[in-house]
1. So which residues in the range 50-77 are surrounded by fewer than 15 Cβ atoms within 10 Å (Cβ to Cβ), more than 49 Å from the chain's Cα centre (by Cα) and in a helix (DSSP H, G or I)?
2. For the subset of the range 520-552 comprising residues that are assigned to a loop (DSSP other than H, G, I, E, B) and of a type in the set (S, T, N, Q), which member is surrounded by the most Cβ atoms within 10 Å (Cβ to Cβ)?
3. Is it true that ALA161 is of a type in the set (Gly, Ala, Ser), part of a helix (DSSP H, G or I) and closer than 22 Å to SER110 by Cα?
4. Here are some residues: GLY478, GLY528, GLY537. Which one is out of contact with any strand residue (DSSP E or B) (no Cβ under 9 Å at 6 or more places or on another chain) and either modelled with pLDDT of 85 or more or not assigned by TED's automatic domain parsing to the domain that holds GLU424 (or both)?
5. From the list ARG151, ARG102, ARG177, which residue is assigned to a helix (DSSP H, G or I) and either more than 30 Å from ARG44 (Cα to Cα) or without any contact (Cβ under 8 Å) to a residue 24 or more places away in the chain (or both)?
6. Just checking, which of MET118, MET113 is under 21 Å from LEU39 (Cα atoms) and without any contact (Cβ under 8 Å) to a residue 60 or more places away in the chain?
7. Check ILE296, ILE321 and return the single one that is β-branched (Val, Ile, Thr), within 30 Å of PHE443 (Cα to Cα) and modelled with pLDDT of 70 or more.
8. Would you please name the residue that is nearest to the chain's Cα centre (by Cα), looking only at residues in the range 86-115 that are within 15 Å of ARG151 (Cβ to Cβ) and among the charged types (D, E, K, R)?
Amino acid sequence: MKSQPKQSSNAGGPIEIVKSMPLSALFKDNTQWLMHRILYYAQRQNFTLYTSTLPEAWRASIEGLNKSFEMYSQLHDDIPELDPDNDYSSDPVTDYGMSQARKHRDRGVSISMFIGLMKYYRKTYQDLLQEVASGGGFENNALYVDRFFDRIEIGFCSEWAAASEDQKLIELQSCNRVMTNEKNRYLTIFESMDTPAILISPDGTLVNINHRALALFASGGEAGAVYYNSEVLIPIKLDWLTPLIEKKRLITEDKVRVNLDTNEGLRDYTVHIQEMLDVSNKFSGTVITLHDITEILRVQEERAKLTNSLVKSNNELKRLITELNEKNAELDSFAHTISHDLKSPLQGISGYAELLQLSLPDDTPEDVKSYVSEIIHSAMNMGQLINHILEISYIDQAENPQHVVSLATVVEDILRTMRPKLEEGSVEIVLTEPLPSVSGDSFRIAQLIQNLLENSCKYVGEQRQPKIEIGVAEAPSGVRALYVKDNGEGIAPGFHDQIFSLFSRINTEPEGTGIGLTLVKKIARQHGGDVWVDSEGSGKGTVIWVALPFID
């Protein structure tokens, strides 16, 4: 059968009708409309006093009818009239009616109640046809639907008439046991919930309260105490509840936050207040559930304190960094100024001393010649010191380009430059190969290695066979590092950190400025690494390790 649809509204609320041509498709596409329509009739005629409280049960009933109607429409293109010789035993629609009869009889529904409600299901489908009717055809469609519901009623009556009174009683008793078990199951779930739950009637009377809520607000009481002993008064502290419900009616939020005095002390809760979802209007009232947020609030408070403390520390750190940068800038400026101011007079002293040395007559006493030579030498040392101070300043300021630097090439170039000094001291160089590359500034890396080698040459001491070893290996600390090892004087453990300080010189015998290892430390840290020393002390030699960004 076909239909010509049009859009309309539903008595149960404004729901748009979906347009569709075949009747089975029309009913299926408008399941929502049909559900609201039958619910409207059931509420109006008080059938909901004996039916399910939830809308989904009504949707399921419409979907069941729609599936049965689809089978009906597949079997009958025309209106299938009824006659006394029809065999309904193989009719799927009649069979659907019989199955519904058994199901509803088990639930205690009488035949009159079922047929009465079924008349309104029939009217619901007729209403939808009326809504979409245009240009004729309504009568035929309506009669086609009537014969569908007639078959359901035939099946229902046949099943009901076939059952004896004893069978009906047994079925009803069995159904009562199932319903009791179902009730007990949900009651057990209600009592077992760790979330406190309270049921309140429309007039504010306590209907039920679960075991967790009793433990918080009552003086004693086991699980099910209120449900099974409604006439026994259990002292329950719920004076906070009525104002809370009133407050909820004035706001749009679905939850309210409160601080309550419980048997476990003051606790913070988020209270959810929900009107009962009951389309039958048999059960009205309010469901209250409490969610303990005390610990959450405590953690949030601690987190806020930590955040504030972190912000303060961060601000203080920024202040200190700014202050440090300002101090460094001042020091750099001071170093440049002092160096510039010292260099000019120093060059004058050095220049005049050299002129004086050249102009000394041959018969000048040796001690005078020695004094002049000492002046020239001291001026040279002072010049080196000034240059090193400026070098330290440049390291902090300069932008160092990053390249792939071959340590093997750098070491080879430095050894070639230092060859005269090494040969003069008969220093044996041992190179542990292969040496990897590093990522960094080639000039600074070369400067670092040269300072290490010069430092080892200086302090190798009066060895009969002085030796310096260069390589890359895993340090005792487990860090892979460049090392320069000598068999010289060694450094007492108490001075290991001191040797990297500016102007620090443990042994003043060899000439030097005390800045070389400070430069090494600055260059290493500038490349994201570090420097440290291993030495057991006097005569045990020294190993200086430098961690660098190696590239394999």
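1. Passing the criteria: GLN74, LEU75.
2. Selected residue: SER535.
3. Considered against the rule, which asks whether it is of a type in the set (Gly, Ala, Ser), part of a helix (DSSP H, G or I) and closer than 22 Å to SER110 by Cα, ALA161 comes out as yes.
4. Answer to the selection: GLY478.
5. ARG177
6. None of the others qualify; the one that does is MET118.
7. Of the residues listed, the single one that is β-branched (Val, Ile, Thr), within 30 Å of PHE443 (Cα to Cα) and modelled with pLDDT of 70 or more is ILE321.
8. Among them, the one singled out is ASP95.
The values are calculated or read from the model by the stated rules, or taken from the named source; none is laboratory data. Computed from a prediction, not measured in an experiment: that's the story for all the values here. Please note: Cβ atoms are built from the backbone with ideal geometry, for glycine as well, and neighbour counts cover all protein chains shown.
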